[in-house]
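Presented below is the structure to which this report refers.
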Amino acid sequence: MIDHTGIHVQDLALSQAFYKAALAPLGYGVRDDPGGDFWLTRATPMAPRSHIAFRAHSRAQVDAFHRAALQAGGTDNGPPGLRPHYHAHYYAAFVHDPDGYNIEAVFHGA
């Protein structure tokens, strides 16, 4: 089980605004220092860019995440939908954040 994770970003204010908007539909927050479950640090972004999946509690949350992330400046990397190659009920959406990290919201329910 993962306790926490963080990423390096070029523009801390831009990334904070992006993640605050994108993760709000999922009920997640973001911190600018280690201490939360997901935090941002201003530094050279990691290479290669990480993939981070946030758990959603419904398909509607996945849809809302995708809309919010795009409105906040994210780039579409896979619209909301089923991904049966993972499993029959895997419903997810993917966006690239301002630094190019692949961010996902996923719902595993039927």
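The values are calculated or read from the model by the stated rules, or taken from the named source; none is laboratory data. Since this is a predicted model, take the numbers as computed values, not measurements. Reconstructed Cβ throughout: ideal geometry from the backbone, glycine too, with neighbour counts over all protein chains shown. Keep in mind that these areas ignore ligands, DNA and RNA; they rest on the heavy atoms of the full protein, side chains included. Shrake-Rupley method; radii C 1.70, N 1.55, O 1.52, S 1.80 Å.
Do you know which residues across the range 59-88 are open to solvent by less than 50 Å² (accessible area, probe 1.4 Å) and more than 15 Å from the chain's Cα centre (by Cα)? Within the range 59-88, Gly81, Arg83 qualify. Picking from residues in the range 82-100 that are free of Cβ contacts under 8 Å to residues at least 60 places away in the same chain and in contact with a strand residue (DSSP E or B) (Cβ under 7 Å, 6 or more places away or on another chain), the one that is nearest to Ala43 (Cα to Cα) is His96. Pick from the range 101-110 the residues that are of a type outside the set (Asp, Glu) and either touching a Leu at 6+ places or on another chain (Cβ under 7 Å) or crowded, with 16+ Cβ neighbours inside 10 Å (or both): which of them is nearest to Thr41 (Cα to Cα)? Among them, the one singled out is Tyr101.
Residues of the range 1-34 that are under 20 Å from Val62 (Cβ atoms) and assigned to a helix (DSSP H, G or I): Phe18, Tyr19, Lys20, Ala21, Ala22, Leu23, Ala24, Pro25, Leu26. For the range 89-100, a residue qualifies if it is closer than 26 Å to Pro48 by Cα and either surrounded by 18 or more Cβ atoms within 10 Å (Cβ to Cβ) or over 14 Å from the mean Cα position of the chain (by Cα) (or both), and the qualifying residues are Tyr90, Tyr91, Ala92, Ala93, Phe94, Val95, Asp97, Pro98, Asp99. How many residues does the range 22-49 hold that are of a type in the set (Gly, Ala, Ser), open to solvent by less than 40 Å² (accessible area, probe 1.4 Å), out of contact with any strand residue (DSSP E or B) (no Cβ under 6 Å at 6 or more places or on another chain) and free of Cβ contacts under 8 Å to residues at least 60 places away in the same chain? Residues meeting the conditions: 1.
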